[in-house]
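Let me begin by presenting the structure, written as structure tokens, before commenting on it.
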Amino acid sequence: MLNGLIGTLNQVDIIIFYLININMQNQVFDVIMPLISSVGYFSIWIGLCVLLYIFGGRKGRNVALVCIVALVFGYFLTEILKYIVARPRPYVALNGIRVLTDMSGSSWPSGHTVASFIGAIIIGRSYSFKFKGKRCKLIYPLLIFAFLVGFSRIYNGVHYPFDVISGALIGIFCALLILMIEKDIIKFNEMLS
């Protein structure tokens, strides 16, 4: 029974993968999706946090520090899971797919998606912007961007949909877990300063 369910879920994962990777193929996405994908690296988000730490004042330093802690936690959790599960990437396991970016290692979960959801939640909840005279939280456009990063990983042929969904859930988990100890992280940093 369980094997049948897992087999069915795997088939659904592959079908959705092909729908995105092959059936949605177009010249605009072929240019945009690798660019969006490249912003999802843990190192890009940490670099953004470093800039926020340097130029963001006291609030920026606190947000950057908490985000870096969450990103480091998320990175190591992702790498451990990749090592344990060792799911082959779609371009290794499937035939007739399009690969637009080069990636090595295991497929599950999507690290780019983990990092993007961590950054979106921690940075996005702390800042807002004016739109048509109203204050809007930055979290909403950043979550849309994080979703696009995940989508791009499927479109580019390096992740299955389940890898991306799992990556989003892991990123949300890591962000919320670290936000629970946010005050302790900030207090510890102030003691060191």
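The values are calculated or read from the model by the stated rules, or taken from the named source; none is laboratory data. All figures in this text were calculated on a predicted structure; none of them were measured in a lab. Cβ: placed from backbone, ideal geometry, glycine included. Neighbour counts: every protein chain shown. In case anyone asks, the SASA skips ligands and DNA or RNA and just uses the protein heavy atoms, side chains included. Shrake-Rupley method; radii C 1.70, N 1.55, O 1.52, S 1.80 Å.
Simple spin-label estimate for I14 and I144 gives 3.6 nm between the two label positions (7 Å along the Cα-to-Cβ direction from each Cα).
Taken about its Cα centre, segment 128-193 carries a charge dipole of roughly 520 debye when the Cβ of each Lys and Arg holds +1 and the Cβ of each Asp and Glu holds -1. Helices in the chain, meaning DSSP H runs of at least 4 residues, each add -39500 (n - 2.57). Divided by all residues, the mean residue ellipticity at 222 nm is -23500 deg cm²/dmol. For the chain, the residue among V85, L177, F151 whose Cα projects farthest onto the positive side of the dipole built from Cβ charges is L177. Using a probe of 1.4 angstrom and keeping all protein chains present, the accessible surface of the chain works out to 56 square angstrom per residue.
The alpha-carbon of K82 sits under 19 angstrom from the alpha-carbons of these aspartates and glutamates, leaving out residues fewer than 8 places away in its chain: D13, D102, D163.
For segment 84-193, the Kirkwood hydrodynamic radius from C-alpha pairs, put into Stokes-Einstein at 20 °C and a viscosity of 1.002 mPa s, yields a diffusion coefficient of 138 µm² per second.
The chain: percent of C-alpha pairs farther apart than 30 Å? Roughly 26 percent, once rounded to a whole number.
Charge dipole (Cα centre; +1 on Lys/Arg Cβ, -1 on Asp/Glu Cβ; no other charges) of segment 73-177 amounts to roughly 600 debye. Label F131 and V31 with points 7 Å out from Cα along Cα→Cβ: what is the distance between them in nm? According to this spin-label approximation, the distance is 2.5 nm. A simple charge model with +1 on the Cβ of Lys and Arg, -1 on the Cβ of Asp and Glu and nothing else charged puts the dipole of the chain at about 840 debye relative to its Cα centre. Rolling a 1.4 angstrom probe over segment 132-193 with all protein chains present gives an accessible area of which 75% lies on carbon and sulfur atoms. For segment 1-100, the spread of Cα positions along the three principal axes, ordered from largest to smallest, is 52, 39, 18 Å. Would you please give the FRET efficiency between I54 and F188, computed as 1/(1 + (r/R0)^6) with r the Cβ-Cβ distance and R0 = 22 Å, to the nearest 0.05? It comes to 0.65. The distance from the alpha carbon centre of segment 1-71 to that of segment 166-181 is 14 Å, rounded to a whole number.
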